[in-house]
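Novice: Here it is: the structure, laid out below.
The values are calculated or read from the model by the stated rules, or taken from the named source; none is laboratory data. The structure presented is a predicted model; accordingly, all values stated were derived computationally and were not measured. Glycine gets a Cβ as well: all are built from the backbone with ideal geometry, and neighbour counts include every protein chain shown.
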Amino acid sequence: MTATPGGWRRSHTCGELRAAHVGQTVTLMGWAFRRRDHGGLIFVDLRDREGLTQCVFNPATSAEAHAGAQEVRAEFVLAVQGTVQRRPPGTENPKLPTGEVEVQVSQFRILNESKPLPFPLEDQTEVEEAVRLKYRYLDMRRPQVLRNFVIRDQVYRAVRDYLHAQGFLEVETPFLTRSTPEGARDFLVPSRLARGSFYALPQSPQLFKQLLMVAGFERYFQIVRCFRDEDLRKDRQPEFTQIDIETSFLDRDEFLPIVEGMLVEVWRRVRGITLPTPFPRLAYDEALARFGTDKPDLRFGLELVDCSDLFRGGQFQAFAQVVAGGGAVKGLRVPGGGPLSRKDLDGLVEAAKGAGAKGLVWVKVNPDGLQSPVTKFLEAVKQPLLARLAAEPGDVLLLVADQMPLAATVLGRLRQELAQRLNLVPPHEFRVCWVIDFPLVEWSEEERRWDAVHHPFTAPRDEDLPLLDTDPGRARAKAYDLVINGQEAAGGSIRIHQQAVQEKMFKLLGIAPQEARARFGFLLEALEFGAPPMGGIAAGLDRLVALLAGEESIREVIAFPKTQKGTCPLTDAPAPVDPGQLKDLGIRLVEEP
Ligand code: ASP
């Protein structure tokens, strides 16, 4: 119960009144969501966080209140007093929990007025995002937006309850720190006390959580902000939230079920859905071969099929050459793709080229034979090809011949796109899987050196350790990603906890010993003081909430997000600063050339 300046006390929320309250005198406070003036009667839908209640201003009940209600505009803040009554038969609103009743207003107060709004607060607003973000506090009045934050709050609670029950300790780690190893660009904070020196905002608490394991904390978690100065092309934010976890003495197969339990608890509490466990596991190579991506969306089939052997040494020179050169021919059956027009198919060819392939061959399986720009080259392999792809009349087959993994990734993108276009994606389903056995390192042509696929502290699989000296590209990591509906929801690994292996890894990545000491010296030193075996994971909380809320973009579940250009239309950050502040920091701006 809250007191207002006028001494009125709120007796109920706007979501609370039911038929059982009929006859009671109540006091409600909230915003005038909609106002309808029916001449004789004025209706105001009063809204607070809990819901909407219809308030009726009837001159027969109170001429004064009725007259006053004529002044009320959208989003005025009101306190109303009145009697709960049943709505007249036929005027109930079954869509509203309070839809059986209304409040007959005897007196009311305008607690505050509102300027006309920059946009209407309807659920499906078409308002430009920059405007919504500038007035985010108004945007957030929309029940749809509020709902996302209720889900977010439920996720925090479910995660904390679950992890605490599993013996995890919640620990905060510094924001003003040094560069961390996630491989993105750092946000820097200049130091005033040590002029010319900078803190880096953490890209993740990676190094600190490993130190907490050296400290003997055994099970740590933190719901923590991370900062990465990346180009925000995709659905990324410069600051985002992770559920960050680290454990000691557990191997992968002991650790992953703990994470599964957390997801199960979250989905159960927020959506009332029981995710089946154990989550299926796909090796990275298998994910790539079958789905053309390490983030496979398992809600639909459309699996890629290897057809390389069918074209080896065959008539179709273009394909035969690729296979002879060590490449692959990957095929995709699009069931019922027959109606795809010539223009659609040309569009797919262009999309494949845009994704880096030399081309794409499409084949229509008609009742009277194959139809394709290269039909005559396919005659010889027609039967085995149809059998391999389990093709039926009315299907379209897509073939890409290229080096791996390119052939698969190109087709994987088309797989995703076609599933959307042909409505093969069930909208309310969640399909979760682990992708494991990632490569440890990948070759960077640009920098002419090996790069860590996860980060430099990820352990190689024991049996692959010798490959670090002989064939690093084939070494697999003890890394795992959690994928939900084709989106990466979490990623982590078992860590290197022995100094010698860590040094070997740095050497492989071309990080010289002095550089390693300079960047991660404190961690390397800690590893020399009895570091236990350890491993962990970080889950993208914003992404999880977006999935649970059915939102495409994580911006919809972040209170005050940045635009894709990294700006905040509400505060106008980032902004120039006072010359005096720069002087204190010992910073002089150099004019851009
Ligand atoms: N620090 C890693 C990340 O932010 C996660 C982990 O390895 O636990 O991606």
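Novice: What tally of residues in region 187-202 results from selecting those that are within 16 Å of the ligand (Cβ to nearest atom) and either more than 28 Å from Arg588 (Cβ to Cβ) or surrounded by fewer than 18 Cβ atoms within 10 Å (Cβ to Cβ) (or both)?
Specialist: 1
Novice: Still on this structure: Tell me the helices (runs of 4 or more DSSP H) entirely within region 477-560 that contain at least 3 residues that are within 16 Å of the ligand (Cβ to nearest atom), within 30 Å of Leu282 (Cβ to Cβ) and in contact with a helix residue (DSSP H, G or I) (Cβ under 9 Å, 6 or more places away or on another chain).
Specialist: The helices (runs of 4 or more DSSP H) meeting that bar are 541-549.
Novice: Asp437: on the phi > 0 side of the Ramachandran plot and either modelled with pLDDT of 95 or more or not hydrophobic (A, V, I, L, M, F, W, C) (or both), yes or no?
Specialist: yes
Novice: Across region 203-249, what is the number of residues that are surrounded by fewer than 19 Cβ atoms within 10 Å (Cβ to Cβ), part of a strand (DSSP E or B) and touching a Lys or Arg at 6+ places or on another chain (Cβ under 6 Å)?
Specialist: Qualifying residue count, region 203-249: 1.
Novice: Quick check on region 460-475. Is at least one of its residues in a strand (DSSP E or B), modelled with pLDDT of 95 or more and closer than 30 Å to Phe430 by Cβ?
Specialist: So far as region 460-475 goes, no, none of its residues is in a strand (DSSP E or B), modelled with pLDDT of 95 or more and closer than 30 Å to Phe430 by Cβ.
Novice: Of the conditions (1) within 16 Å of the ligand (Cβ to nearest atom); (2) within 22 Å of the chain's Cα centre (by Cα); (3) crowded, with 17+ Cβ neighbours inside 10 Å; (4) free of Cβ contacts under 8 Å to residues at least 40 places away in the same chain, Val264 fails just one. Which one is it?
Specialist: Result: Val264 fails condition (1) only.
Novice: Provide a single number: the residues in region 222-258 that are away from the ligand (no atom under 13 Å from the Cβ), among the acidic types (Asp, Glu) and within 15 Å of Gly167 (Cα to Cα).
Specialist: Residues meeting the conditions: 1.
Novice: While we're here: Among the candidates Phe506, Phe560, Phe522, which residue alone is closer than 29 Å to Asp464 by Cβ and in contact (Cβ under 8 Å) with a residue 60 or more places away in the chain?
Specialist: Just one listed residue meets the conditions, Phe522.
So that you can scan it fast, the table gives a plain yes or no per residue for (1) at pLDDT 95 or above; (2) closer than 19 Å to Leu138 by Cβ; (3) in a loop (DSSP other than H, G, I, E, B):
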residue: Gly40; (1), (2), (3): no, no, yes
residue: Phe43; (1), (2), (3): yes, no, no
residue: Leu46; (1), (2), (3): yes, yes, no
residue: Ala67; (1), (2), (3): yes, no, no
residue: Ala79; (1), (2), (3): yes, no, no
residue: Val103; (1), (2), (3): yes, no, no
residue: Ser106; (1), (2), (3): yes, no, no
residue: Leu111; (1), (2), (3): yes, yes, no
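Novice: Further question: Which of the following residues is farther than 29 Å from Met140 by Cβ, within 45 Å of the chain's Cα centre (by Cα) and assigned to a loop (DSSP other than H, G, I, E, B): Gly15, Gly90?
Specialist: Gly90
Novice: Can you find even one residue in region 434-447 that is away from the ligand (no atom under 15 Å from the Cβ), aromatic (Phe, Trp, Tyr), surrounded by fewer than 15 Cβ atoms within 10 Å (Cβ to Cβ) and under 26 Å from Phe291 (Cα atoms)?
Specialist: yes
Novice: Six or more apart or on different chains, Cβ under 7 Å: which pairs go from a residue in region 526-540 that's farther than 13 Å from Thr458 by Cβ to one that's assigned to a loop (DSSP other than H, G, I, E, B) and at pLDDT 95 or above? Could you list them?
Specialist: Sorted first by the residue in region 526-540, then by its partner, the pairs are Pro532/Phe249; Pro533/Phe249.
Novice: Search region 384-434 for residues being among the β-branched types (Val, Ile, Thr) and more than 19 Å from Ala318 (Cα to Cα), and hand back the single one that is farthest from the chain's Cα centre (by Cα).
Specialist: Val396
Novice: Still on this structure: Please specify each residue of region 167-186 satisfying the condition of being on the phi > 0 side of the Ramachandran plot and within 16 Å of the ligand (Cβ to nearest atom).
Specialist: Gly183
Novice: Now for a different question. Please go through region 347-368 and give me each residue that is surrounded by 13 or more Cβ atoms within 10 Å (Cβ to Cβ) and outside any loop (DSSP other than H, G, I, E, B), ordered by number.
Specialist: Residues satisfying the conditions are Gly347, Leu348, Val349, Ala351, Ala352, Lys353, Val361, Trp362, Val363, Lys364, Val365.
Novice: Condition first: assigned to a helix (DSSP H, G or I), surrounded by 20 or more Cβ atoms within 10 Å (Cβ to Cβ) and among the basic types (Lys, Arg). Can you find one or more residues in region 407-428 that meet it?
Specialist: The answer is yes; a qualifying residue exists.
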